[in-house]
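Below is the structure I would like to discuss, written out as structure tokens.
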Amino acid sequence: MIAWTIYITFGGALLLLFLPRVFARWLALLTTIAGLALGLAAFIHTPVVDLAHFTTIVRVPWISVLGMEYHLALDGISLTMVMVTGISAVSTVLFSWDLEHRQNEFFFWLLLVVAGCYGVFLSVNLFLFFVFYELVIVPKYFLIAIFGSTNKEYGAMKLTLYSFFGGMFVFIGILVAYVTAGSLDLNQLAQFQFPPQLQWWAFPVMFLGFAVLAGIWPLHTWAPTGHVAAPTAGSMLLAGIVMKLGSYAALRVAMNLFPQGFQLWSKWIAVLAVIGIVYAAAVALRQSDLKFVIGYSSVSHMGFVLLGLATANVLGVSGAVLQMFSHGVIAALLFAVAGRMIYRRTHTRDLDALAGMNLSHALPFAAFTFVIASAASIGIPGFSGFAAEIIILIGAWKTYPVAVWITGAGMVLVAAFTLRALKQSFFGEAGSSVVRMQEGRVALDPDWNEQQSITAAEKIGACLLMFATLAVGVYPKLLLDRIMPAVEAMRFLKSGG
Amino acid sequence: MSYLELLKLASPEAIVVITVLGVLTIGLTTGREAAGATVSTAQPTRNASRRSSTRSAALCSFVAVLGLAVAIGAVLMLPRNATLFGGMLVITPLTSLFKIICIALAVFTVLLTTSEKSLRHPGEFLAIVLLATVGLMLLVGSEELLMIFIGLELLGLSLYVMAAFDKSDLRSAEAGLKYFLFGSTSSAFTLFGISLIYGMSGTTGLAAISAKLATTTVQPLLAVGVVMTLVGFAFKIAAAPFHLWAPDAYQGAPVPSAAFIASGSKVASFVVLGKIVLLGFAPVHGSAAWHGMVAGWSPVLAVLAAFSILLGNLVALAQSNVRRLLAYSAVAHGGYTLLGLVAGGRDGFSAALFYTTTYAITLVGAFGVVGFVRRETGGDDLSNFSGLCSRSPLMAGCMAIFMLSLAGIPPLAGFFGKFYLFSAALRAVPNYGLLWLVALALFGSFISLYYYLMVLKFIFVDKWAEAGADHRSLVTDHVLQKSAICLLAAAVLLLGVMPEILAAQILAAIQ
């Protein structure tokens, strides 16, 4: 049933190419809602017991010459990721509602990314997995290069090349695993005992390949530039789902296939993750472009995911998966406010310029959304960010107590830059140079005749995301009950963890 | 051995040769008057003559396609296995399959020719395309060095003429001349190598050579012979550092000729090269493993592959002409394909053949789009492609499929081809001996994504600067050519989603 998320989304994308443009956004919305609904249905109807193992949904032979199968499966982790994909996809379409230029093409590329993500989260066969994984890369290029803003061609190319660069290492890792074990089935490979000397080098190759997409510290620079260059929908998708592909794949493939290699290298991953958290937060503190601030905050938050994975115990890894969900929702919300609600109406993302506008009066709904998103991002209890990060830190405490201290300091930095961005963008003192503003109007750009108050589509999209972060924040067991058994079934866990 | 049986087994070749004669006759009888009329008369008759020459061209292409279709039918009627004259003409499932593939590529080349206005004598051009096809079929269907050489020469001489066919274009003449000079030098190398091997083994049949080599030790003379033969083929498949003719030939030759040089000639060369090294030189395989190189042909091919991948991809980065870019990328793709031969064995050979076939299909399509853009805008630089997606979304979409397949993006044929190739290479040598070459190839395909994306950037992102309206009015809609390109794009997509259609066939055909 949930396999239909992939087919519907691909089908929608293809159909978009042939339909007149009046239908484009409705079709895209319908498709993404169908995807989310299927995810929800699976969430409600699948018994929690079934989610403890990677349970097969579809399995048909595909390329039998080389032993490839079309094989999809579902467990708690995939289900969580499918949910966040569905939520982000729907809100992304809502936030691109009044796009005017080359609409069909835009939604075509967008749906391809979404479909590819569904595919990655559900596939068991390593070849199939890699097909979906690489499929996501190119549509991102077009989304950004055609529809983006600041320095778009550079940002798009950088992001694509980084992704493909990571993909190259993943390719090597997959080939090595395939040739050694003679199988491409993840469930079989997870039972296979790879020789330790092989794991020693194959694990870092594969893990780094995936971690590029997750924005691991020295290889993270594509993320801020890419986020800034991308159209709002593009950054929402990038931060919301695409970065998660990397961390999900690192967990599902790299760590699960080469557990001994992982144990050898896990402390180095933790080091990189902690550096990423602190460094990105410090950099974000000094940015003047709002989107850059959020871009670096993404890198920082993804550092938590990597730290959680590196702990190698149930709590830490489950927290990492929860953080993937939580950050997917929160980052999408932050980018929606910055790129859609603010930038489209003021035509600036410069924090100093925004400080002079006192936007909280002009755009009260946007201000409200941004406050919620910032609170969730900082980790105020009651939002999903808090639930996820605290679980990760508890997990990390068992393995790397030092890391927790440093990360704690990093969290202060996160709070600092988020509050700074919040204050500057919405609650700056109204400067003398700026015209007096009425409710719902921004008078910075007189030539700008677009609809200026927050549209209904934007409100619905924002509410959906806020609801998701609140629901999980208030009752994290909703997801954790499904994630933890699935994590416990993996074999890389340190004994007694 | 009766001549009747020879005729029966060589019926596909015979049919194509007869078609050549037919096309030549039609071209001579209908095309010439038209050409004469163009020179002598004034406006009113000119239109009429143009119409009659178009009709003649259409008739020629129709006969050519018909002949090729009948030839495919004849290939299907052939017995499964047969050998004539000690391997001069061999029929196996493999040769039949690749004869069909070569003929199909020729059909698409003919379809691309139909809308090419710069070729003044379509009948003669098509006749030469068909002759080249006969060369391909002889090459594919022989396991004897002399016959292979004759096939190479027939193919080569036809291709030189095809490259230089556009008499009004200086570049075409340059392409033809360069191709001819390099090609004839490479033929000399091949012939020299063959003669040395003949001297060593006393035979020209591949199986017999293999049996002979197995009993002798590796001598310097034999090494020279093997390397010389390989050098000749390296010219043919444009492997670095023997690739120098390729950029000019790809850029200067008329579009259909370039497409045929890049596709048919390459496929057949790889089939033959594979047969020679894997069948004839099997005892001197050697090893290209990183820590255990053993002298033989496989380290030679491995070095050629490494050079081609690096040089092709790096130089392609700097190109501003799409055809030149495709030429350098062809060098790189030749390198990838060599990986399969280096790996050897049934898996490696079939992976190489799968890759080169899908590559050929992709490149014919890409050249089709280049030809379309060239007619529309008068050039084939990257800037001529800008804004193609608003001028012709269909062609832009097809080009995207071709470029992304070349870059190895799923779910297109190039991706599966690479996976198959690299996994075969990694598996062939124990202890990941070929990992260095596989990693290099993957690095190469990482680089290549940049320049393929640049082509797509011009097509999808950039705007068409000049006023497009007057150009558009000149362009007549070439339904036939467009549908041929779409068919190729669909094939690339299909072979990516269901590669088993072809891969299983090839694997079954290699015994």
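Derivation of every value follows stated rules applied to the coordinates shown; laboratory data play no part. As the structure is a computational prediction, the values presented were derived from the model and not from experiment. Every residue, glycine among them, receives a Cβ derived from its backbone with ideal geometry; neighbour counts consider all protein chains shown.
Mind listing the long-range amide H neighbours of residue A:55? Cut-off is under 5 Å, sequence gap 5 or more, other chains count too, H placed in the peptide plane at 1.01 Å from N.
Under 5 Å from the amide H of residue A:55 lie the amide H atoms of A:74, A:75, each far enough along the sequence or on another chain.
Determine the gain in length on full extension of the stretch residue B:77-residue B:169; use 0.36 nm per residue of separation and subtract their C-alpha separation, reporting nm with one decimal.
Details: separation 92, 0.36 × 92 = 33.12 nm, distance 4.27 nm.
Length difference between fully extended and current span is 28.9 nm.
Please report the Cα spread of segment B:301-420 along all three principal axes, rounded to whole Å, starting with the longest.
47, 27, 19
Say a paramagnetic label sat at a point 7 Å from the Cα of residue B:218, along Cα to Cβ; which residues of segment B:419-449 have their backbone N under 18 Å from it?
Counting only backbone N, you get B:429-430, B:433-434.
In segment A:219-243, which residues have a backbone nitrogen under 12 Å from the label point lying 7 Å from residue A:289's Cα in the Cα-to-Cβ direction?
A:223-231
Now, a different point. Counting only residues 5 or more places away or on other chains, whose amide H sits under 5 Å from the amide H of residue A:185 once H atoms are built in the peptide plane?
So residue A:185 has HN proximity to A:126.
Between segment B:312-354 and segment B:139-202, what is the separation of their alpha carbon centroids in Å?
Spelled out, the Cα-based centre of one part sits 20 Å from the other.
Still on this structure, please answer the following. Divide by every residue of chain A the summed helix terms, -39500 (n - 2.57) for each DSSP H run of at least 4, and state the resulting mean residue ellipticity at 222 nm, rounded to the nearest 500 deg cm²/dmol. Write out the running numbers ahead of the final one.
Working: 22 runs with 340 residues, N = 497.
Computed mean residue ellipticity for chain A: -22500 deg cm²/dmol.
If I model a spin label at residue A:59 and residue B:54 as a point 7 Å from the Cα along the Cα→Cβ vector, what separation in nanometres do I get?
6.0
Something else now. Taking Cα centroids, how far is segment A:121-161 from segment B:97-113 in Å?
After rounding, the separation between the Cα centres reads 35 Å.
Taking amide H atoms as placed 1.01 Å from N in the peptide plane, list the residues 5 or more away in sequence, or in a different chain, whose amide H sits under 5 Å from that of residue A:68.
Here A:62, A:63 satisfy the definition.
Based on the inverse mean of 1/r over its pairs of different Cα atoms, what is the Kirkwood hydrodynamic radius of segment A:1-140, in Å? Before the final figure, lay out the partial values.
Numbers: mean 1/r = 0.0650 Å⁻¹.
After inverting the pairwise mean of 1/r, the radius is 15.4 Å.
May I pose another question? What are the ³J(HN,Hα) couplings of segment B:323-329, residue after residue, when phi is run through the Karplus curve with 6.51, -1.76, 1.60 and θ = phi - 60°? Round to Hz, x for glycine and proline.
So the Karplus estimates, Gly and Pro as x, are 5, 5, 4, 5, 5, 5, 5 Hz.
If packing is taken as the average count of other Cβ atoms within 10 Å, what order do B:286-295, A:301-310 fall into, highest mean first?
Output ranking for B:286-295, A:301-310: A:301-310, B:286-295.
Rounded to a whole number of µm²/s, how large is the Stokes-Einstein D of segment A:4-488 at 25 °C and 0.890 mPa s, given Rh as the Kirkwood radius over C-alpha pairs? Show your work: numbers first, answer last.
Working: Rh = 22.2 Å.
In µm²/s, the coefficient rounds to 110.
With r defined as the distance between the Cβ atoms of residue B:431 and residue B:211 and R0 fixed at 30 Å, what FRET efficiency is calculated, to the nearest 0.05? Before the final figure, lay out each step's value.
Working: r = 30 Å, r/R0 = 1.01.
The pair residue B:431/residue B:211 has a calculated efficiency of 0.50.
Using the reciprocal of the averaged 1/r over all distinct C-alpha pairs, how large is the Kirkwood radius of chain B in Å?
On the way: mean 1/r = 0.0433 Å⁻¹.
Every distinct Cα pair counted, the radius reaches 23.1 Å.
Take the Cβ-Cβ distance between residue A:192 and residue A:45 as r, set R0 to 30 Å, and report the resulting FRET efficiency rounded to the nearest 0.05.
Values: r = 33 Å, r/R0 = 1.09.
In this case the efficiency is close to 0.40.
If you don't mind, another one. Need one value for B:389-400: mean number of C-beta atoms belonging to other chains within 10 Å of its residues' C-beta atoms.
Per residue, the number of nearby Cβ atoms from other chains is 1 on average.
With a cut-off of 19 Å, note down the residues of segment B:395-427 whose backbone N falls inside the zone around a label point 7 Å from the Cα of residue A:201 toward its beta carbon.
Flagged as within label range: B:422-427.
On to the next question. How large are Rg and Dmax for the protein assembly as shown when calculated on the C-alpha trace, in angstrom?
So, for the protein assembly as shown, Rg and Dmax equal 30.9, 104 Å respectively.
Using the Kirkwood radius over Cα pairs, work out the Stokes-Einstein diffusion coefficient for segment B:285-511 at 10 °C and 1.306 mPa s, in µm²/s as a whole number. Please list the in-between numbers first.
Numbers: Rh = 18.2 Å.
After rounding, the answer is 87 µm²/s.
Using the Kirkwood radius over Cα pairs, work out the Stokes-Einstein diffusion coefficient for segment A:356-412 at 4 °C and 1.567 mPa s, in µm²/s as a whole number.
Values: Rh = 13.1 Å.
Calculated translational D: 99 µm²/s.
Quick check: pseudo-label points 7 Å beyond the Cα along Cα→Cβ at residue B:493 and residue B:394, how many nm apart are they?
Distance between label points: 1.4 nm.
Using the Karplus equation 6.51 cos²θ - 1.76 cosθ + 1.60 (θ = phi - 60°), what ³J(HN,Hα) coupling, rounded to whole Hz, does each residue of segment A:166-178 give in order, writing x for Gly and Pro?
x, x, 4, 5, 4, 4, 4, x, 5, 4, 5, 4, 5
Once each part is reduced to its C-alpha centroid, what is the distance from segment A:352-413 to segment A:22-39 in angstrom?
31
Next question, about the same structure. Give me the one-decimal nm value for the distance between modelled label points at residue A:37 and residue A:463, 7 Å along each residue's Cα-to-Cβ direction.
1.9
Calculated FRET efficiency, residue A:100 and residue A:268, Cβ-Cβ r, R0 56 Å, to nearest 0.05?
Values: r = 48 Å, r/R0 = 0.86.
Plugging the Cβ-Cβ distance into 1/(1 + (r/R0)^6) gives 0.70.
Which order do A:75, A:352 fall in if you start with the one that has the fewest other Cβ atoms within 10 Å? Working shown, then result.
Working: A:75 23, A:352 11.
The order, fewest Cβ neighbours first, is A:352, A:75.
Just to check I understand the Karplus step: with θ = phi - 60° and J = 6.51 cos²θ - 1.76 cosθ + 1.60, what whole-Hz values come out for segment A:42-53, glycine and proline as x?
5, 4, 7, 8, 6, x, 4, 4, 5, 7, 6, 10
If each residue's Cβ is checked for other Cβ atoms within 10 Å, how do A:221, A:418 rank with the fewest at the top? Mind dumping the intermediate values first?
Working: A:221 14, A:418 26.
The fewest-first ordering by Cβ neighbours comes to A:221, A:418.
Using a cut-off of 19 Å between alpha-carbon atoms, which lysines can reach residue A:267, once sequence neighbours fewer than 8 places away in the same chain are excluded?
A:398, A:494
Under 13 Å from the Cβ of residue B:319, count the other residues' Cβ atoms, weight Lys and Arg +1, Asp and Glu -1, and hand me the total.
Numbers: positive: B:323, B:324; negative: B:248, B:380, B:381.
Net of charged neighbours comes to -1.
Determine Rg/Rh for segment B:81-179; Rg is computed over alpha-carbon atoms and Rh is the Kirkwood hydrodynamic estimate from the same atoms.
On the way: Rg = 15.3 Å, Rh = 14.5 Å.
Rg/Rh for segment B:81-179 comes to 1.06.
Could you tell me which of the pairs A:423/A:477; B:212/B:275; A:158/A:291; A:244/A:291; B:8/B:275 are separated by over 22 angstrom between their Cα atoms in the structure shown? Before the final figure, lay out each step's value.
Working: A:423/A:477 33 Å; B:212/B:275 16 Å; A:158/A:291 17 Å; A:244/A:291 19 Å; B:8/B:275 24 Å.
Table pairs above 22 Å Cα-Cα are A:423/A:477; B:8/B:275.
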